[in-house]
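J.: Dropping the structure in here first, questions after.
The values are calculated or read from the model by the stated rules, or taken from the named source; none is laboratory data. What you are looking at is a predicted structure, and each value in this text was computed from that prediction instead of being measured. Ideal geometry is used to build each Cβ from the backbone, glycine not excepted, and the neighbour counts take in all protein chains shown. For the accessible areas, the whole protein counts, side chains as well, though only heavy atoms, and no ligand, DNA or RNA atoms are used. Shrake-Rupley method; radii C 1.70, N 1.55, O 1.52, S 1.80 Å.
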Amino acid sequence: MLTIAWDVDDVLNNLMQEWFCKLWLPAHPGCSLAFEKIVENPPHKLLGTSKQEYLKSLDEFRLSKQFQEIKPVPETKDWFLKYGDNFRHIVVTAVPMRQSHLNAGWVLSNFGRWIRTLHFIPSLRKGEKIIQYDRNKTDFLHWFGKVDIFIDDNEQNILRSQELGIKGILFPRPWNSSKLTVKQTLEKLTRISKL
Ligand SMILES: [Mg+2]
């Protein structure tokens with residue numbers, strides 16, 4: 001059975017869009033940016049704020065009830081329902097230590113039928129001192145050594161994973177260069193997994 005590693009934010013869920021529409025826009029009624037125009041991640045410059053203020057707002061959202069209520073990306077969930085049973089699945093996510101239990105809870109509530117292994121790389125926040133096992137997702141994938149396919153919306157993560165011989169799939173978001181739709185991307189995953 002092939003092993004697929006999934007990113008969580010903006011792959012299994014629509015974190016950025018949910019945060020932007022439910023927290024950022026209501027708090028900044030003058031903001032005229034559309035979600036589709038968020039072509040940078042982190043998007044603080046486009047939002048006219050500092051990285052620190054952006055992360056503060058995102059962290060606040062992760063701790064809110066609204067985060068727990070986020071629905072999975074419909075196409076992704078459909079893919080799991082259709083093909084999920086043919087693979088082993090793990091999650092490799094980057095999340096602040098203080099919100100990691102909520103992130104894990106969300107994954108297990110929504111994808112626990114398939115995903116039973118979760119690894120997170122702590123996204124460091126000001127003043128935190130945390131033992132570092134891995135510098136990034138690639139370090140973890142290298143150490144773990146069992147992943148065949150990796151899906152992420154961060155282009156750098158995908159490129160680095162490919163250097164390890166892992167088949168990387170870039171999940172389409174406005175801030176990356178993918179020209180595929182979500183549906184086409186998941187079709188590509190189905191094709192690759194049959195090779
Ligand atoms: Mg992501």
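J.: Check Ile158, Ile121 and return the single one that is within 26 Å of Tyr54 (Cα to Cα), within 16 Å of the ligand (Cβ to nearest atom) and touching a Gly at 6+ places or on another chain (Cβ under 7 Å).
T.: Ile158
J.: Go over the candidates Thr3, Thr93, Thr49 one by one and state the one that is under 21 Å from Asn157 (Cβ atoms), open to solvent by 10 Å² or more (accessible area, probe 1.4 Å) and polar (S, T, N, Q).
T.: Thr3
J.: Moving on to the next point. Scan segment 14-26 for residues that are more than 9 Å from the ligand (Cβ to nearest atom) and either part of a loop (DSSP other than H, G, I, E, B) or open to solvent by less than 20 Å² (accessible area, probe 1.4 Å) (or both) and jot them down.
T.: The answer is Asn14, Trp19, Phe20, Trp24.
J.: Sort through Gly168, Gly145 and tell me the only one that's within 14 Å of the ligand (Cβ to nearest atom), under 21 Å from Leu2 (Cβ atoms) and either over 13 Å from the mean Cα position of the chain (by Cα) or at pLDDT below 95 (or both).
T.: Gly168
J.: Can you go through Lys146, Lys137 and tell me which one is of a type in the set (Lys, Arg) and open to solvent by 50 Å² or more (accessible area, probe 1.4 Å)?
T.: Criteria check complete, one pass: Lys146.
J.: Any chance segment 80-87 includes a residue that's touching a residue at least 60 places away in the same chain (Cβ under 8 Å) and in contact with a strand residue (DSSP E or B) (Cβ under 6 Å, 6 or more places away or on another chain)?
T.: yes
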